[in-house]
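To keep things clear, I will list the structure first and then write my remarks on it.
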Amino acid sequence: MSILGIDLGGTKLASAIFTESGEIKAKEAIPLSSRSGPAVGELIAGQVRKYLSSEKFELKSIGISVPGISHHKTGTVWAPNIPGWNDYPLLHEIKMVADEIPVSIDSDRACSMLGEIWQGKAKGSRDAIFLAVGTGIGAGILIDGHILRGSQDIAGAVGWMALQKPFQQKYLECGCFEYYASGEGIAKLARETLIKNEDYRGRLRNQDPSTITAHTIFQAHKERDEIAVAVIRECIEFWGMATANLISIFNPEKIIFGGGIFGPGEQFIPAIRQEAKKWAQPISMKQVSFEKSTLHGDAAVYGAAFLAIQKIREN
């Protein structure tokens, strides 16, 4: 039996064929480039068509992870990083090409947590949180063995966590936490820090500010560049405060760090724990573990496949 897991991110579409036991049989990633609106939907539909027509695989179920809100009642998706996806009818569009094959859609937050439950660090856990930091920030939350989704499927949108006052208009689009400490946020914070430090003459001063990325900052941090060090220190404070709040509210067994930032950012997890220790409920803080995802950025793809397997089991 073959299961198709698809993960739509802010910059690329990843897909993989899984066996029911979790073995990957085929895998690929396609950049979104300048696609938006229906073009992104057609890209996903095209991947489904391709695997449906393959003689190598007999698809039994399809799971899709999306970067935003998946409305279970309507099958529509809100994805802030995909222009034109304010209420996109993704479930209907994919069902049009999937014939009678079951199709399931969920947020990347929920799917990442499901991936960790199935094949990752949350195996056997009943209370855990997956903190995904990439283009944006979200949290997959497992409580008493169930994924927390909320009344309108929005639970886990922790990028909007309020961690700094006073409120500023620049937080409107993505939230305070995400503005400063996501992949995009690290670059924004670096640009703002450069403006405030006119006397700085390090490597970043000669770079076009528009080309600064999180990767740029991580590289400069290796060289102990003063702006990069200051930016990462501030991000560690934000990550620490956010995880402290999650620990105090949910009392999880573990916090699992994933997403594109916690490839190079893995080295900062001990410092994040130290920061969280200052703020979190002390008894809960003592028993929680901080762990790096071992699914190498594919937690949401795994989770999408597991979502598809759950659909088969339900039926």
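The values are calculated or read from the model by the stated rules, or taken from the named source; none is laboratory data. Small disclaimer: the values here were computed from a predicted structure and weren't measured. All Cβ positions, even for glycine, are placed from backbone atoms using ideal geometry, and neighbour counts span all protein chains on display. For the accessible areas, the whole protein counts, side chains as well, though only heavy atoms, and no ligand, DNA or RNA atoms are used. Shrake-Rupley method; radii C 1.70, N 1.55, O 1.52, S 1.80 Å.
Computed over the Cα atoms of the chain, what is the ratio Rg over Rh, Rh following Kirkwood? Please report the intermediate quantities before stating the final value.
Values: Rg = 19.7 Å, Rh = 20.1 Å.
The Rg/Rh ratio comes out at 0.98.
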Original post:
Summing Lys, Arg as +1 and Asp, Glu as -1, what charge do residues with Cβ under 10 Å from the Cβ of residue 302 carry, residue 302 excluded?
Top reply: -3
Subject >> Quotient of C-alpha Rg and 2.2 N^0.38 Å, computed over the stretch 71-228 >> reply: 1.29
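In whole percent, how big is the carbon plus sulfur part of the accessible area of the chain, probe 1.4 Å, protein atoms only? Numbers along the way, then the final one.
Values: 7390 of 14680 Å².
Of all accessible area on the chain, carbon and sulfur atoms account for 50 percent.
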Subject >> Probe 1.4 Å, protein heavy atoms only - accessible area per residue of the stretch 162-305 in square angstrom >> reply: 50
Original post:
Pulled fully out, how much extra length does the chain show between residue 283 and residue 151, if you take 0.36 nm times their separation in residues and subtract their Cα-Cα distance?
Top reply: 44.6 nm
**OP:** Would you list the membrane-span-like helices of the chain, meaning whole DSSP H runs whose alpha-carbon atoms span at least 15 Å along their axis and whose mean Kyte-Doolittle value is at least 1.0?
**Re:** 226-250
Original post:
residue 172 label point, 7 Å along Cα→Cβ, cut-off 20 Å on backbone N: hits in the stretch 54-90?
Top reply: 79-87
Original post:
Could you give the nm distance between label points at residue 19 and residue 96, where each point is 7 Å from its Cα heading toward the beta carbon?
Top reply: 3.6
**OP:** May I have the pair-distance distribution P(r) for the stretch 265-311, computed from all Cα-Cα distances with 10 Å bins from 0 and rounded to whole percent?
**Re:** 22, 33, 27, 18, 0
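When DSSP assigns beta bridges and you keep just the ones with both residues in the chain, what percent turn out antiparallel, to the nearest 5? Numbers along the way, then the final one.
Values: 24 of 44 bridges.
Approximately 55 percent, going by the DSSP bridge assignments.
Holding the Cα-Cα limit at 27 Å, pick out from 123/165; 25/222; 12/278; 170/277; 25/73; 25/123 the pairs that are longer than that.
Details: 123/165 38 Å; 25/222 37 Å; 12/278 37 Å; 170/277 29 Å; 25/73 32 Å; 25/123 22 Å.
From 123/165; 25/222; 12/278; 170/277; 25/73; 25/123, over 27 Å: 123/165; 25/222; 12/278; 170/277; 25/73.
Can you give the FRET efficiency for residue 215 and residue 144, using 1/(1 + (r/R0)^6), R0 = 30 Å, r = Cβ-Cβ distance, to the nearest 0.05? Walk me through the numbers on the way to the answer.
Working: r = 38 Å, r/R0 = 1.28.
Plugging the Cβ-Cβ distance into 1/(1 + (r/R0)^6) gives 0.20.
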